[in-house]
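The structure is given below, and queries will be raised subsequently.
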Amino acid sequence: MTHLSESELLDAAEARLSAERQRHAETCAACARQIEDLRDVLARTIGTDVPEPSPLFWDHFSARVRDEIANETPGRWGWTSGLRAWPVAAAAAVVVALLVAISVFRAPSNQPTAGTDRQEVADARPPAVAPVDADADADPNDVDVEVDEAWAVVRAVADDVVWDDVTNAGISARPGSADRAIQTLSAAERTELAALIAEELKRSGA
Amino acid sequence: MLSRVWTGVVTPDWKLRVSGTGNPTAADPMWASAEDRDLVTATLAGKREAFDVIVERHRRQIYQLCFRFVGNHEDASDLAQDVFVRAYRGLRGFKGNASFSTWLYRIGVNVCLNRVSLKRPRIEAIDERKLPESSSERPDVAVMRQERALEVRAAIAKLPPKQRATLILRIYHELPHDEIAGVLGSSVGAVKANFFHALANLKKLLR
């Protein structure tokens, strides 16, 4: 007959071994010794009590727990409440992602600068040197500041501005900034700019 | 000069209700005989006094569990409080599949294992706290018993966490193996193996 397994040795030490295996334990010196060792340790371990706190401790303890949970709702950390929070968290994440995406896509070419005429802002868009088709105007990066909702506040403020007053107040482009801007243009852009200026001069009768 | 005239009248049906038995910490006797599950349901329904009964009913065993892990009164007291606060917060997570005490033990074991993984327990010296004494026990026998208890607690503190938890739940809380398996989230076989090795390690530590 095989020796007792660890599980059976435990059962034997706790007097819960089956009768058949118990017969083996009684006739096998090796198993009997192991059972005796386990019983010895159990006996030494069982006889140790936890020191009893003062009787006053228990009431104090209950009061502490009561104070700690006084302002809390029971079960607020339950797993179901966590599941209920998921849709809210997901919706919030989508909104944040959309806001970030919108701000990133709108940021580059449409930043108004001090002392810049509204018309200049509109015209400062990358010149359509060779417009191919209408889809080019539908570029998501290409926002019309005259109609775009995001520019509504700027438009409302700018509508009340008298640009002569702005210039008289000393708010204008820095000297030489127009020259520097022109130097950054490509040859095609300069040609287009020259055509725009000529057209504007002709229209104003200058 | 009177600048403002108050025209309201005092509501005549105000009621002043003074409740309590003179012992503000005693749990409401109305709930004293209720089952744990009913107390949980009542607590979730907003009857906070039902949770007082839960605390009163289980505080000693949870405190003792914590003491077995950390070996001193201060830490055990803090941990036991933490167990009940966590239980309260997570009360909706108790589904009634196991007994409430098993569920509470599970929280207790997790709290204790977290603590002992962060901070090595400080085992109380003999003279810090007296063990319960038998009236017929001679003083020298009592001292020897206290020394032995201290030695055993120190040895248990050196066991690997799962072995320690298994041994504490089996020997001191007398939980059956399957219930310990429920507390620790393991199989009965694993519990018995842990218990066997815990005893084997203790035998070496207590030589």
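For region B:58-63, just list the computed ³J(HN,Hα) in residue order, Karplus coefficients 6.51, -1.76 and 1.60, θ = phi - 60°, integers in Hz, with x standing in for Gly and Pro.
Working through the residues one at a time gives 10, 4, 5, 5, 6, 4 Hz.
Please compute the modelled spin-label separation between residue A:203 and residue A:58, points set 7 Å along Cα→Cβ, answer in nm with one decimal.
9.3
At a 1.4 Å probe, which residues in region A:1-36 are at least 20 Å² less accessible with all protein chains present than in their chain isolated?
Listed in order, they are A:6, A:7, A:10, A:14, A:16.
Something else: Can you pull the percent of region B:68-112's accessible area that's carbon plus sulfur, 1.4 Å probe, other chains left in place?
36
So, counting K/R as plus one and D/E as minus one, what does the shell of residues with Cβ under 15 Å around residue B:37 add up to?
+1
Also, I was wondering about something else. Can you grab the distance from the C-alpha centre of region B:58-104 to the C-alpha centre of region B:145-170, Å, no decimals?
With region B:58-104 and region B:145-170 each reduced to a Cα centre, they are spaced 19 Å.
Counting only protein heavy atoms and rolling a 1.4 Å probe, how much accessible area do B and A lose on contact, total for both sides, in Å² to 100?
4700
Using the Cα gyration tensor of region A:33-73, with a ≥ b ≥ c the square roots of its eigenvalues, what is the shape: rounded (a/c below 1.5), prolate (a/b larger than b/c) or oblate (neither)?
Note, shape of region A:33-73 comes out oblate.
Leaving ligands, DNA and RNA out of it, rank B:57, B:207, B:138 by accessible area with a 1.4 Å probe, largest first.
My answer, sorted largest first, is B:207, B:138, B:57.
Among B:158/B:192; B:47/B:162; B:119/B:192; B:162/B:203; B:95/B:119, which pairs are too far apart, with a Cα-Cα distance over 25 Å?
Correct reply: B:47/B:162; B:119/B:192; B:95/B:119.
The values are calculated or read from the model by the stated rules, or taken from the named source; none is laboratory data. This is a predicted model, so every value here is computed, not measured. Using ideal geometry, Cβ is built from the backbone for each residue, glycine included, and neighbour counts are taken over all protein chains shown. Ligands, DNA and RNA are excluded from the accessible area calculation, which covers all protein heavy atoms including side chains. Shrake-Rupley method; radii C 1.70, N 1.55, O 1.52, S 1.80 Å.
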